[in-house]
Amino acid sequence: MDYFLHLVILICIYTILAQSLSLVAGYSGQISLAHAGFYGIGAYTTALLSVSYEISVLITLPLAMVLSGTIAYVVSKVAIKTVDDYYIIITLGIQVVIFSIMNNWQEVTRGPLGIPGIPSFSLFGFEFDSKISFLLLSIVFAALVWFLLHNLTRSPFGRVLQGLSEDEVYVKSLGKNVGNYKVVSFVISAVLASIGGVLYAHYISYIDPTSFTIDESIFILSIVIIGGMRSLKGIFFAAVFLVLLPEVLRFVGMPSSIAANMRQIIYGIALILVIYRMGYNKSKSISNQA
């Protein structure tokens with residue numbers, strides 16, 4: 001039962017991460033490979049402050065969000081001057097830089113040794129130190145993130161972002177400042193990703209740089225693509241599928257060494273099918289318009 005609760009908590013955390021990335025990748029049309037970096041910033045910020053200075057999560061959580069948002073603002077101001085592949089390369093570079101800082105700045109982050117002894121998530125004297133209580137906390141945060149994104153993407157701001165992914169030139173012709181919209185969406189996405197990092201750090205009670213690699217960014221992006229670039233509900237089901245997939249493979253008796261490879265193969269096939277369907281629908285739409 002505890003392991004099942006553990007999996008559901010991970011589903012909630014990955015749902016937060018993937019849904020926040022969908023604001024950038026799905027709505028403003030910017031594919032970012034730096035999401036695990038902002039996820040890590042949230043985790044390391046709360047870990048360092050809570051372990052070294054015993055600062056409450058009521059302070060570390062907002063600080064993590066502000067720090068992630070500030071770094072995202074600086075990055076996005078540079079990245080928006082590029083397009084397509086160059087934008088992806090810049091976000092990839094930022095991911096590598098953030099990981100390198102976590103891995104090499106040993107005086108602060110302890111490098112590959114990681115940070116142990118992270119205290120439980122505590123609010124007003126109540127500690128979420130059991131799996132059931134932390135699951136309820138994770139569900140609340142996941143619901144809040146969903147509610148925020150659900151309303152944001154249906155607001156005039158969200159409609160402009162959707163227009164950017166469809167036809168950026170047309171949005172510019174309407175007098176919209178395209179750059180500002182891209183910057184704001186990237187910052188919001190990073191801020192929400194840091195929430196997932198804070199939850200992860202206090203739940204696992206130990207973090208190290210291997211949890212925030214480029215592979216993690218690709219995994220989060222895979223959830224977004226498989227679930228649907230603009231479908232918050234679909235992203236949730238994709239997170240369930242990809243988190244539970246290794247457990248299903250173990251349940252059928254497949255050795256763990258083979259199960260790990262099968263997981264990569266299965267969600268790789270899923271990515272191919274989803275992208276093929278997206279391309280087919282787009283070409284069909286263009287044909288109908290012609």
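The values are calculated or read from the model by the stated rules, or taken from the named source; none is laboratory data. Since the model is a prediction, treat every value here as computed from it, not as a measurement. Every residue, glycine as well, gets a Cβ built from its backbone with ideal geometry; the counts of neighbours run over all protein chains shown.
Residue-by-condition table, conditions (1) farther than 30 Å from ARG154 by Cβ; (2) modelled with pLDDT of 70 or more; (3) part of a helix (DSSP H, G or I):
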| position | (1), (2), (3) |
| --- | --- |
| LEU242 | no, yes, yes |
| GLY253 | yes, no, no |
| SER257 | yes, no, yes |
| ALA270 | no, yes, yes |
| TYR280 | no, no, yes |
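Could you list, in sequence order, the residues of segment 160-194 that are of a type in the set (A, V, I, L, M), in contact with a Leu (Cβ under 7 Å, 6 or more places away or on another chain) and surrounded by fewer than 24 Cβ atoms within 10 Å (Cβ to Cβ)?
Going residue by residue through segment 160-194, those that are of a type in the set (A, V, I, L, M) are 160-161, 164, 169, 171, 174, 178, 183-184, 187-188, 190-193.
Now restrict to residues that are in contact with a Leu (Cβ under 7 Å, 6 or more places away or on another chain): 171, 178, 188, 193.
Within segment 160-194, VAL171, VAL178, ILE188 qualify.
Only one of (1) over 25 Å from GLU107 (Cβ atoms); (2) among the small types (Gly, Ala, Ser); (3) crowded, with 24+ Cβ neighbours inside 10 Å is not met by GLY29, so which one is it?
Result: GLY29 fails condition (3) only.
Could you check segment 70-100 and list, in sequence order, the residues that are more than 19 Å from ALA36 (Cα to Cα) and surrounded by 17 or more Cβ atoms within 10 Å (Cβ to Cβ)?
Scanning segment 70-100 gives a single hit, ILE80.
Kindly indicate the residue of segment 34-56 that is of a type in the set (A, V, I, L, M, F, W, C) and part of a loop (DSSP other than H, G, I, E, B) and also surrounded by the fewest Cβ atoms within 10 Å (Cβ to Cβ) among those meeting that condition. Talk me through it step by step, then tell me what you get.
Narrowing segment 34-56 to residues of a type in the set (A, V, I, L, M, F, W, C): 34, 36, 38, 41, 43, 47-49, 51, 55.
Applying the additional criterion that residues be part of a loop (DSSP other than H, G, I, E, B) yields 34, 55.
Details: ALA34: 31, ILE55: 14.
Checking each candidate, the answer is ILE55.
Right, ILE59: in a helix (DSSP H, G or I), more than 13 Å from LEU199 (Cα to Cα) and at pLDDT 95 or above or not?
yes
Going by what's in this entry, would VAL145 be described as hydrophobic (A, V, I, L, M, F, W, C), without any contact (Cβ under 8 Å) to a residue 24 or more places away in the chain and either farther than 26 Å from THR210 by Cβ or touching a Leu at 6+ places or on another chain (Cβ under 9 Å) (or both)?
Working: hydrophobic (A, V, I, L, M, F, W, C): yes; without any contact (Cβ under 8 Å) to a residue 24 or more places away in the chain: no; either farther than 26 Å from THR210 by Cβ or touching a Leu at 6+ places or on another chain (Cβ under 9 Å) (or both): yes.
So VAL145 fails the test.
Got a number for residues in segment 101-140 being surrounded by 15 or more Cβ atoms within 10 Å (Cβ to Cβ) and of a type in the set (A, V, I, L, M, F, W, C)?
The qualifying residues number 10.
For segment 116-206, please list each of the helices (runs of 4 or more DSSP H) lying entirely inside it that holds at least 3 residues being closer than 30 Å to LEU7 by Cβ.
131-153, 178-204
Identify the single condition in (1) part of a helix (DSSP H, G or I); (2) touching a residue at least 60 places away in the same chain (Cβ under 8 Å); (3) of a type in the set (Val, Ile, Thr) that ILE31 does not satisfy, given that it satisfies every other one.
Among (1) part of a helix (DSSP H, G or I); (2) touching a residue at least 60 places away in the same chain (Cβ under 8 Å); (3) of a type in the set (Val, Ile, Thr), ILE31 violates only (1).
Do you know which residues across segment 71-112 are touching a helix residue (DSSP H, G or I) at 6+ places or on another chain (Cβ under 8 Å), farther than 20 Å from LEU192 by Cβ and part of a loop (DSSP other than H, G, I, E, B)?
Across segment 71-112, the qualifying residues are THR82, TRP105.
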